[in-house]
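Visitor: Structure in structure tokens, see below.
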């Protein structure tokens with residue numbers, strides 16, 4: 001499963017349908033990854049320590065996401 005880094009995607013279904021999601025690598029600070037969820041003025045972030053944890057996060061969320069390539073992909 002490919003989770004793009006630094007690319008904003010749109011969650012298509014579920015509790016966060018219509019929200020944007022983006023993963024950013026924090027090489028200089030924590031060495032981990034921030035996962036940002038935003039919709040208008042609302043926003044949340046989570047932090048995970050490595051790429052395997054990023055994959056696990058998205059597998060657990062199981063969101064279908066359109067990464068702007070016209071290919072919504074559920075993360076299963």
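What follows draws every value from the coordinates through simple rules; no lab data is involved. Owing to the predicted nature of the structure, the values given are computational and were not obtained by experimental measurement. FYI the Cβ positions are ideal-geometry reconstructions off the backbone, even for glycines, and counts take in every protein chain you see.
Visitor: Would you mind calculating the relative contact order of the chain from Cα pairs under 8 angstrom and at least 6 residues apart, reporting the percent as a whole number?
Guide: For the chain, the relative contact order is 28 percent.
Visitor: Only one of the listed values, (i) 52; (ii) 58; (iii) 69, was derived from the coordinates as percent of Cα pairs over 15 Å apart; which label is it?
Guide: (i)
Visitor: Ranking 63, 47 by Cβ neighbours within 10 Å, fewest first, what do you get?
Guide: Starting with the residue having the fewest Cβ neighbours, the order is 47, 63.
Visitor: Let me ask something additional. Hey, rough spin-label estimate for residue 57 and residue 42, points 7 angstrom out along Cα→Cβ, what's it come to in nanometres?
Guide: Those two pseudo-labels are separated by 1.9 nm.
Visitor: What is the helix-to-structure angle for 51-61, meaning the angle in degrees between its Cα long axis and the longest Cα principal axis of the chain, kept from 0 to 90 and rounded to the nearest 10?
Guide: 30 degrees
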